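None of the figures in this text is laboratory data; all of them are computed from the coordinates on show. Keep in mind that what you see is a predicted model, and the values were worked out from it rather than measured. Reconstructed Cβ throughout: ideal geometry from the backbone, glycine too, with neighbour counts over all protein chains shown.
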Amino acid sequence: MLYRTGKDPALICPAIEEDLRIAAKWADIWGMRFNANRTVAMYISRTTATPPPITFAGATLEYSHEHRHLGFILDSALSFHAHVNALTRKGATEVFLLRRLSYKVKEGTVFCVRHMCLTRAYVFSTVLLFFSA
């Protein structure tokens, strides 16, 4: 993940392109390649100005308003809405599957599975609340 801060996007984008060229050169030295088609750019700002295009390995990077990085969904507004919505959908799916499972297995088994799922969700939500406060 590369990032630059500044007030003028016209100065930031060439600096990011230079950073990407350095990363590509490093990867070439070590016998690796970056996939430019899977690389995205995100412009985080209070203004609605459109930043200039960024090129990497001969391809123009598309700007994304939302990106998943290491399991966390980051959006251009720096809000937790997309991430919390994804966790809510995942939790609802798990609850649905537990309810369905409860009709087919013994009661003690469902309790153990439910306890494992809820403990994991509780620990993760506590960490999320701790870092968002």
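Over segment 9-64, one equal point on each Cα, no solvent: what is log10 I(q)/I(0) by the Debye formula at q = 0.18, 0.28, 0.31 Å⁻¹?
So the normalised log intensities are -0.62, -1.21, -1.35.
Return the FRET efficiency for the residue pair LEU11, THR60: r is the Cβ-Cβ distance, R0 is 22 Å, and the value is rounded to the nearest 0.05.
With a Förster radius of 22 Å, E is 0.75.
Can you compute the modelled spin-label distance between ILE29 and LEU78, with each label point 7 Å from Cα toward Cβ, in nm?
3.3 nm
Can you figure out the FRET efficiency of ARG38 with LEU98, using R₀ = 35 Å and their beta-carbon distance, to the nearest 0.05?
According to the calculation, E is roughly 0.50.
Select from segment 1-93 those trypsin sites (Lys or Arg not before Pro) which occupy a DSSP coil region and have at most 11 other Cβ atoms within 10 Å, ordered by residue number.
Answer by residue number: LYS7, ARG33, ARG46.
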